[in-house]
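One structure is given here, and the rest of the page talks about it.
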Amino acid sequence: MEVIYGTWPWYISGFLIGMVMLALLYFGKAFGMSSNLRTLCSIAGAGRFADFFRFDWKAQRWNLAVVFGAMLGGFVAVHFLSDGSGVNLNPTTVEQLATMHIEAPEGKLAPDSLMGFEALKNPKTFIILLAGGLLIGFGTRYAGGCTSGHAISGLSNLQLPSLIAVIGFFIGGLIMSHFLLPLIFR
């Protein structure tokens, strides 16, 4: 049972992702999470207001199952397949966060001062979250997909635009974490 509770090595996880991608390629499907927002908006009737949402959303039902499966899998993993220790950050990362007056996540995925209800009380953090969300939404549409779609599906299909997008994601993440974040949270 310990195998289920622990972190799986990259070669097992990578192999399983590869097998899923081969199955998707065989059935002529492409994986991605951000396209599901378009599908959900189409289901809700957004096609009455914008041509972008007028398409056969029923052909994307399988991808919605992936999203709901990911949410259900996350719930099951946290509540039934976890020892409760949460995420353990490198001590150097905790020190760097402390210099920016950001507390350690204490086993969570993100500190409450950045991603919790406490963040909504601070106008600076709220504006950063709002601007970041808008930029991510714009970037996802502009790049033609999200990180998972490009990094998993696009790269496995040997698509050059996906390679360029993934390189851009990494460069953007490095710039944000090493240069912009310390400037914002001095």
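The values are calculated or read from the model by the stated rules, or taken from the named source; none is laboratory data. Note that this is a predicted model, so its numbers are computed, not measured. Don't worry about glycine lacking a Cβ; one is built from the backbone with ideal geometry, like all the others, and counts go over all protein chains shown. These accessible areas exclude ligands, DNA and RNA; they are computed on the full protein's heavy atoms, side chains included. Shrake-Rupley method; radii C 1.70, N 1.55, O 1.52, S 1.80 Å.
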Worksheet, complete the sentence: Taking segment 136-148 and keeping residues part of a helix (DSSP H, G or I), touching a helix residue (DSSP H, G or I) at 6+ places or on another chain (Cβ under 7 Å) and not hydroxyl-bearing (Ser, Thr, Tyr) leaves Ala143
Worksheet, complete the sentence: Filtering segment 54-95 down to residues that are touching a residue at least 60 places away in the same chain (Cβ under 8 Å) and surrounded by 11 or more Cβ atoms within 10 Å (Cβ to Cβ) yields Leu81, Ser82
Discussion item. Just checking, does segment 140-162 include any residue being open to solvent by 60 Å² or more (accessible area, probe 1.4 Å), over 15 Å from the mean Cα position of the chain (by Cα) and aromatic (Phe, Trp, Tyr)?
Written reply: yes
Discussion item. Any residue in segment 5-31 that is hydroxyl-bearing (Ser, Thr, Tyr) sitting within a Cβ distance under 9 Å of a residue that is surrounded by 10 or more Cβ atoms within 10 Å (Cβ to Cβ) and modelled with pLDDT under 85? List the pairs, counting only those 6 or more apart or interchain.
Written reply: Tyr5/Leu81; Tyr5/Ser82
Discussion item. Condition check: touching a strand residue (DSSP E or B) at 6+ places or on another chain (Cβ under 8 Å), under 30 Å from Val78 (Cβ atoms) and hydrophobic (A, V, I, L, M, F, W, C). Does Leu135 satisfy that?
Written reply: no
Worksheet item: How many residues are among the hydroxyl-bearing types (Ser, Thr, Tyr), more than 18 Å from Gly69 (Cβ to Cβ) and open to solvent by less than 80 Å² (accessible area, probe 1.4 Å) when one looks only at segment 1-49?
Response: 1
